[in-house]
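The values are calculated or read from the model by the stated rules, or taken from the named source; none is laboratory data. Just so it is clear, the structure is predicted and the values come from calculations on it, not from any experiment. Glycine also receives a Cβ, built like all others from the backbone with ideal geometry; neighbour counts cover every protein chain displayed.
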């Protein structure tokens, strides 16, 4: 009987905790990543700068940025930037930028990103402001975004 009670308690606990999300997963959901062209339009209408995350599926450092750095900055990013992500290796998606149709790789290059992970900041008119290359810890990135 005691084994049955323990089994039942474990089962109930498993069901209860399976519905909980980690704070990282919750923060990721709070980040509203828009398609590139939509981000450009929205930024112009709202007068907000654009935060462009340039990544690739095979890039471990890109995954680490998404998993560990961006959630810690979620509130600041969401309140102060229009967010967009570009998969540098996606050559099927074409982006309109400054009167040109560009693949993701060509767009990344036009934005001065030669390697991933990369971050580009554009002003509200979509004009280049700066870029950062490589993995950047939260404590180093935060001051650059404020």
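General observations
- Checked against the criterion of being over 22 Å from residue 38 (Cα atoms) and at pLDDT 95 or above, the candidates 125, 64 yield just one match: 64.
- Residue in segment 121-143 that is buried (at least 17 other Cβ atoms within 10 Å of the Cβ), touching a strand residue (DSSP E or B) at 6+ places or on another chain (Cβ under 6 Å) and either in a loop (DSSP other than H, G, I, E, B) or on the phi > 0 side of the Ramachandran plot (or both) present: no
- The strands (runs of 3 or more DSSP E) falling completely within segment 24-120 that include 1 or more residues that are surrounded by fewer than 15 Cβ atoms within 10 Å (Cβ to Cβ) and touching a residue at least 12 places away in the same chain (Cβ under 8 Å) map to 94-97.
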